[in-house]
1. Work out, step by step, the length gained on full extension between A271 and M114: first 0.36 nm times the residue separation, then minus their alpha carbon distance; give nm to one decimal.
2. Suppose the chain between A23 and V236 were pulled fully straight at 0.36 nm per residue; how much longer would it get relative to their current alpha carbon spacing?
3. Within the chain, what is the number of lysine pairs with alpha carbons under 18 Å apart, leaving out pairs fewer than eight places apart on the same chain?
4. According to a simple spin-label model (label point 7 Å from Cα along Cα-to-Cβ), what is the distance in nm between S281 and D164?
5. Sorted by average packing, counted as other Cβ atoms within 10 angstrom per residue and highest first, what order do 214-225, 59-70 take?
6. Can you give me the distance in nm between label points at E219 and A96, each placed 7 Å from the Cα along the Cα-to-Cβ direction?
7. Plugging the Kirkwood radius over Cα pairs into Stokes-Einstein for region 132-276, at a temperature of 20 °C and a viscosity of 1.002 mPa s, what D comes out in µm²/s?
8. Only one of the listed values, (1) 89, 45, 36; (2) 70, 46, 40; (3) 72, 46, 35, was derived from the coordinates as Cα extents along the principal axes in Å; which label is it?
Amino acid sequence: MTKSSGLLLIDKAQGVTSHDVVARVRKLLNERAVGHAGTLDPMATGLLVIGVGTSTRLLRFATGERKLYTGRVKFGVATDSLDADGEVIARADVPALNTQMVNEVAQVFLGSQMQIPPMVSAIRKGGQRLHALARQGIEVDREPRPIEVFDYSLTPTAEPSEWDFSVEVSPGTYVRVLLADLAEKLGTLGHLTALRRVRSGTHDVAQALTLERLAELIEKGERVLAAPKAFTSGLVGITLSDEEILRVRMGQRLAREVPGDEYEIAVYNEAGDFVAVLRRSKDLWKPEIVLDGAHGSDR
């Protein structure tokens with residue numbers, strides 16, 4: 001068992017699950033504590049943010065980040081899963097579409113709204129996954145969830161019924177639902193045929209490794225994990241003295257002046273190593289997440 005701790009960016013291939021990726025990373029790093037931020041469906045590709053070792057406790061910071069996706073939608077055909085992995089359930093004519101028209105309709109979806117999750121999803125209802133109920137032909141009511149769409153644009157392809165898209169959304173947004181809703185507003189049907197997560201917060205798929213490349217680098221003995229502080233780059237950070245670090249590791253609260261109205265802050269020791277996340281508690285700062293400081297990989 002290694003004592004690695006840090007962030008790993010994986011470019012997930014099509015046809016494998018997010019769980020498959022985590023299992024492979026566990027085996028390659030000989031580390032049981034591995035988790036991911038934000039599931040990608042098997043048909044989807046792209047960025048999967050992985051936490052390793054004690055850094056799995058920091059995954060919530062990546063989970064809460066806005067996501068950028070690109071992909072393709074096919075109009076005129078609906079499937080039971082709203083994507084290409086499902087069974088075709090209906091067909092409809094596709095009206096004459098142009099770039100201006102389609103994007104004007106897409107702009108209607110910008111901003112905060114409520115979205116009903118699809119039946120084919122990993123959400124639990126009564127202790128069962130919705131996709132398991134869907135396979136039994138059972139449909140249940142789903143509570144709408146708040147989402148936000150920050151950007152939504154489409155471009156035509158050589159095939160009139162197929163359009164490429166780019167959409168930036170809040171976590172928990174189902175892109176295939178957005179596309180099906182867009183198709184309905186355009187007077188037709190539609191389903192997702194390709195999806196790629198390009199960015200999650202400050203993390204970009206351009207910096208990600210395929211599982212094959214990860215295995216090669218590990219075989220060469222190269223370091224593959226980014227420092228744990230990569231998870232908290234969005235937080236205000238402060239440097240603490242050795243005495244204050246000791247108090248944090250003992251779970252003690254600190255009195256510290258921090259500019260602004262921050263709710264959580266990241267703290268570092270004088271060598272620049274990431275130590276903890278502190279949460280505001282009235283006039284004091286309470287240790288919320290404290291990483292093991294025994295290993296240099298916590299920097």
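1. 52.0 nm
2. Details: separation 213, 0.36 × 213 = 76.68 nm, distance 3.31 nm.
Working it through step by step, the gained length comes to 73.4 nm.
3. Taking the Cα cut-off of 18 Å, the pair count is 6.
4. 5.2
5. Values: 214-225: 13.4, 59-70: 18.8.
For the peptides 214-225, 59-70, the packing ranking is 59-70, 214-225.
6. Placing both labels 7 Å beyond Cα along the Cβ direction yields 5.7 nm.
7. Calculated translational D: 104 µm²/s.
8. The value matching this structure is (2).
Just so you know, all these numbers are worked out from the coordinates, no wet-lab data involved. Please read these numbers as outputs of a predicted model, since none were measured by experiment. Neighbour counts run over all protein chains shown; Cβ positions are idealised from the backbone, glycine included.
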